[in-house]
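First up is the structure itself, then whatever we jot down about it.
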Amino acid sequence: MNPRIIFLHIPKSAGTSQHLLLNKIYGRDNVFWHHEYGDQGVTNYEDLQSFIDGRTIVGGHRPRAFYPSTISMGSPPDLFCAIVREPVARAASLFNYYSQPQNAGDISNKRERKYLLEYWRDAGINPDSLVKSIESCEPFREQISNYQCHYLSNGAASFDAVLTTLHQQNSLIGAMDSLDQFNGALAQLLGWREIPTVHANKNCQGSAQPLLQEAGAVELIESINREDSKCYQFVIQQQGLYRHIPDADKFHDFQAVQKPTTWRPNIRRQPSPPPQQTLEKLGLPHLWQKNLPWPNGQENTMPWPLRSVLVSADKKIIARPIVGNQTEWLTKIMAELSEFEGKALLDGPTVKLPQALDYFNTGMMLKDYAMAGAREIISGENYYKFALLQDPKDRLVKAYLEAFVEPLATGDKQESAQSIQRFTDGPVSFAKFVAFICAQPAKSLDLAWMPQVLYLKGVKHYSKLYSLDHLDQLVDDLEGMSGRKLTRFPAKENGTMPLVVEGAFDMAPALLKDFPLIEARSFYNDELSAMVSSYYAEDCRCLEAL
């Protein structure tokens, strides 16, 4: 047998960065990381063996006590690694992650954290108060109360128990403030030729620090982390690196066991049924307190934009939905091409299908699969891959109306609209909207405003790109290859004719809401048209090539 490296990933302590680093050095398929290979429902070590499948690098959110104490000094021995973090900073970071989705470092993570917030609200978290959340949310309080000692100890969550455990095994424990030193020690021990640079911070830089300004927050966190503080200070006193490796010579020739890419469905299940409020938002109130056939929608680590790709595994068809480009209709026809358990439960006039698929793991989105299976699907040459594009000028007008004008009638506040209003004086006209967008990095924009070409990344070759003007052609193609009758996009009814409103681009949203329907060209003069064409130049080139 080969020795193994076991990384105890304490939440919000740089474990994701270490995961990426190990992937780069040894290859993704040779690193087993909990919850990436469909092991979410596994509760004991013995049942986990079929998932680990002989891999010699194991890590993720499992504490030391999950692994049998007998494996630490076996033949060969294992090396247990972990990173510890100053307890107050860690608690603030975890609260930020659970309750402040607006501080997400990237767009796809922001969406995931919005769903996470709904779960944690139901559990008792108050996004406006770290102190109240600690006092009223028992699961959160548990995760920030001497939790690092809980992860490192094979017994009680105490510093003494941690020391005993560390001395009974090969251990390498670093401090988050000294990651370079920790990785340097691993490199020397395992014979790495270089240490790759990785960065996986899922929060905007510095976004957690203001949360600690709340009166009593620091003192409260310190009072429930006295053992963690001892543990952290102990590692700091060892110059940021605790090392106990009596079998160091047995790791010098360490190599990851080479494993072929394997496919397993993602079976991650949520810790409790969806909150009633969440089901109402998804248009599924009739499913409240029912046993649902789908796992929840916590995603694999597939990066945006790939994780939200729509998949019909039955018909070998992949669709890349783009916000603003008839996503609901596209999702509906992809559902018609798919078969999955409980599909009929998601059929109904009130169901918000795209959001429901986001929340649950039905097998209809790439995020629903274990990483190995997701990579097989997206790279498979036997899949028909397509996307829908539209004129960026029309898409931008629609996005503006949805963010600034329509909410005046519905009363719904749009987070995307508020992000602009913080940086502009007075009402946001379409001209101000365009000026703001064209001054921002494309990847920082709201999903509805982002260039469409960014959605197309990650897929090496699309079988075909369609414009919104050719939806019938898309349906004809899909019906031909699937043998199924699909819902066609509704034809335009003879109703209210769009009005040409001169100077609409300079009007305040409050004035625009009084018009029933405005012709899109009313929002452009020569200057605005040139700005949009320049900013979305790649989108324009894609459309011209169709």
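The values are calculated or read from the model by the stated rules, or taken from the named source; none is laboratory data. Bear in mind the structure is a predicted one, so any value in this text is a computation, not a measurement. Neighbour counts run over all protein chains shown; Cβ positions are idealised from the backbone, glycine included.
Observations on the structure shown:
- Options ALA399, ALA409, ALA387, ALA403: the member that is at pLDDT 95 or above, of a type outside the set (D, E, K, R) and either crowded, with 19+ Cβ neighbours inside 10 Å or on the phi < 0 side of the Ramachandran plot (or both): ALA387
- Checklist (1) among the hydroxyl-bearing types (Ser, Thr, Tyr); (2) crowded, with 16+ Cβ neighbours inside 10 Å; (3) out of contact with any Asp or Glu (no Cβ under 9 Å at 6 or more places or on another chain) applied to SER482, failing item: (3)
- Residue among VAL351, VAL323 that is within 19 Å of the chain's Cα centre (by Cα), crowded, with 16+ Cβ neighbours inside 10 Å and among the β-branched types (Val, Ile, Thr): VAL323
- Set GLN188, GLN213: member being surrounded by fewer than 14 Cβ atoms within 10 Å (Cβ to Cβ), farther than 19 Å from CYS81 by Cα and either at pLDDT below 95 or not assigned by the TED database to the domain that holds ALA89 (or both): GLN213
- Residue pairs meeting the criteria (Cβ under 6 Å; at least 6 apart or on separate chains; first within 18 Å of GLN148 (Cα to Cα), in the stretch 206-229; second among the small types (Gly, Ala, Ser) and not in a helix (DSSP H, G or I)): ILE224/SER145; GLU227/SER158
- Where ARG541 falls short, out of the listed (1) part of a loop (DSSP other than H, G, I, E, B); (2) of a type in the set (Lys, Arg); (3) within 29 Å of VAL311 (Cβ to Cβ): (1)
Residue by residue, here is whether (1) at pLDDT 80 or above; (2) surrounded by fewer than 19 Cβ atoms within 10 Å (Cβ to Cβ); (3) assigned by the TED database to the domain that holds ILE10 holds:
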site	(1), (2), (3)
PHE66	yes, yes, yes
THR70	no, yes, yes
GLY74	no, yes, yes
PHE80	yes, no, yes
PHE95	yes, no, yes
ASN103	no, no, yes
ASP106	no, yes, yes
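- Criterion violated by ILE173 - all others in (1) in contact (Cβ under 8 Å) with a residue 24 or more places away in the chain; (2) surrounded by fewer than 17 Cβ atoms within 10 Å (Cβ to Cβ) satisfied: (2)
- Residue ID - modelled with the lowest pLDDT, chosen from residues in the stretch 18-58 that are of a type in the set (Ser, Thr, Tyr) and surrounded by 18 or more Cβ atoms within 10 Å (Cβ to Cβ): TYR37
- Subset of the stretch 448-490 (residues that are over 28 Å from the mean Cα position of the chain (by Cα) and closer than 19 Å to ARG395 by Cα): SER467, LEU468, ASP469, HIS470, LEU471, PHE489, PRO490
- As for the stretch 442-450, it holds no residue that is among the aromatic types (Phe, Trp, Tyr) and modelled with pLDDT under 90.
- Residue check, LEU366 buried (at least 21 other Cβ atoms within 10 Å of the Cβ), touching a residue at least 60 places away in the same chain (Cβ under 8 Å) and in contact with a Lys or Arg (Cβ under 7 Å, 6 or more places away or on another chain): yes
- For the stretch 496-517, filtering for residues that are in contact (Cβ under 8 Å) with a residue 60 or more places away in the chain and not in a loop (DSSP other than H, G, I, E, B) leaves 6.
Matching residues to (1) over 29 Å from the mean Cα position of the chain (by Cα); (2) surrounded by 16 or more Cβ atoms within 10 Å (Cβ to Cβ); (3) under 18 Å from VAL88 (Cα atoms):
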residue	(1), (2), (3)
ALA123	no, yes, no
SER129	no, yes, yes
PHE140	no, yes, yes
SER145	no, yes, yes
CYS149	no, yes, yes
ALA217	no, yes, yes
ILE221	no, yes, yes
ILE224	yes, yes, yes
ASP228	no, yes, yes
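- Looking across the stretch 502-532, the residues that are exposed (fewer than 14 other Cβ atoms within 10 Å of the Cβ) and within 36 Å of the chain's Cα centre (by Cα) come down to ALA510, ALA530.
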